[in-house]
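Structure below; questions to follow.
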Ligand code: TYM
């Protein structure tokens, strides 16, 4: 059986990176897999959250999933804290994962920054909870953006070590699914920095709830270089973009990648199409496309958010269905590790 698990943290604004790197791909995968799409509120509290805001943002992420086209009737949409198996399995996996493995996690280093001593234990153990999310459902595939790749490799290592330590063939090793033209959307202000919810400048990202004017302004102000768009000289004989050109022009290729993802094309096809055009023109076309996609979704999100009772009922149903899958896995884990279940 092929099963997908993936999640988004309900921390701040969902942005184009979350959409193009993850949620949009989730929508596409619904026909081929059984999917669980989760709002990971337990991950969110690894850094301080305002309780009222956390609740509101949990609903907002749920609304974004539905507005983007996730079918909560066929698949499972829920918030993590409502399924006890995540925290229960995370504890067992904390005892399987090694300190040395976690010490290598680049996201922890970035998020903890210089004040490492003052970071929460939760922030450090974050990737183990993520492994538990996936393994509680024995998910086989995990669609994410590029930045989660290291965490997924860790989840595979943890699954493998659990199987080895206990001499079982219990957890499948989950495969990352990282695809599309925008697996790593960069900041609109700095092509070498990831587009992120936590960036202080709202101009650095396009939020899923931005209106047409905001999207237009942000794209118009997006940093580029003085050259026009790359043309055929930037393509290699096999028709793909030359990585050296991409490296030289991060801002240009970020916008090209965003356009390509929205238009369902490859970056090379976009380079061929706009060869040598001025950025002012390209930015107008990009704005129209972004507004067309996000505008409809933003309107649907607002409509859904006006009815929190409905969103809560979707999450409640989702959690019931998720529990029914995770609880038996957790019971088996308890047997395997030797917890007495009298
Ligand atoms: P989070 O909430 O930071 O991001 C959610 C998803 O969006 C992707 N993403 C991006 N993709 C492209 N460009 C960007 N600039 C960009 N920024 C974010 C992320 O890769 C992710 O797929 N740890 C996860 C949540 C999580 C999870 C899981 C994911 C918890 N448990 C189990 C998969 C499986 C996170 O913080 O994502």
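Only bridges with both residues in the chain count here: give the DSSP antiparallel percent, nearest 5.
Bridges in the chain that DSSP calls antiparallel: roughly 20 percent.
What is the Å³ per residue value for the convex hull set by the Cα atoms of region 174-225?
Measuring per residue, one finds 119 Å³ for the Cα hull of region 174-225.
Among 312, 238, 199, which one shows the highest mean-square fluctuation when the chain is modelled as a Gaussian network with alpha-carbon springs under 10 Å?
Greatest mean-square fluctuation among the candidates belongs to 238.
If you wrap a convex hull around the alpha carbons of region 233-280, what volume per residue comes out, as a whole number of Å³?
Cα convex hull per residue, to the nearest whole number: 75 Å³.
Got the relative contact order for region 228-318 handy, in percent, Cα pairs under 8 Å and 6 or more residues apart?
30
Please report the projected area of the chain's Cα convex hull averaged over all directions, in nm².
Convex hull of Cα atoms, orientation-averaged projection: 18.9 nm².
Which of the peptides 244-253, 19-28, 184-193 is most tightly packed, and how do the rest follow, judged by the mean count of other Cβ atoms within 10 Å per residue?
Final packing ranking: 19-28, 184-193, 244-253.
Between region 52-100 and region 239-256, what is the C-alpha centre distance in whole Å?
Answer, in whole Å: 35.
Which whole-number percentage describes the relative contact order of region 107-175, with Cα contacts under 8 Å and a sequence gap of 6 or more?
With pairs under 8 Å counted, the relative contact order is 32 percent.
Nearest 10 degrees, 0 to 90: what angle lies between the long axis of helix 250-263 and the longest principal axis of the chain (Cα atoms)?
Once rounded, the angle reads 80 degrees.
What is the extension gain from residue 98 to residue 173, computed as 0.36 nm multiplied by their sequence separation minus the C-alpha to C-alpha distance, in nm to one decimal?
25.2 nm
Per 0.36 nm of contour for each residue apart, how much would the distance between residue 212 and residue 117 grow if the chain were fully extended, relative to their Cα-Cα spacing?
Length gained, residue 212 through residue 117: 29.9 nm.
Additional query: Between residue 201 and residue 263, what length comes free when the chain is fully extended (0.36 nm per residue of separation minus the Cα-Cα distance, one decimal in nm)?
Extending this stretch completely gives an extra 19.7 nm.
What angle do you read, to the nearest 10 degrees and between 0 and 90, between the alpha-carbon axis of helix 149-166 and the longest principal axis of the chain?
With both axes taken from Cα atoms, the answer is about 20 degrees.
Now for a different question. Among 36-46, 162-172, what's the highest-first ranking by average C-beta atoms within 10 angstrom per residue?
Top to bottom by mean Cβ count within 10 Å: 36-46, 162-172.
Same structure, new question: Once each part is reduced to its C-alpha centroid, what is the distance from region 288-342 to region 114-145 in angstrom?
After rounding, the separation between the Cα centres reads 17 Å.
From the P(r) of region 220-342, can you give the percent of Cα pairs sitting at distances over 23 Å?
Summing the P(r) tail past 23 Å for region 220-342 gives 56 percent.
Over region 71-209, what is the relative contact order in percent, taking alpha-carbon pairs closer than 8 angstrom and at least six residues apart?
20
Taken together, the values in this text are just the output of simple stated rules run on the coordinates, not laboratory data. Just so it is clear, the model here is predicted, and its values are computed rather than measured. Cβ: placed from backbone, ideal geometry, glycine included. Neighbour counts: every protein chain shown.
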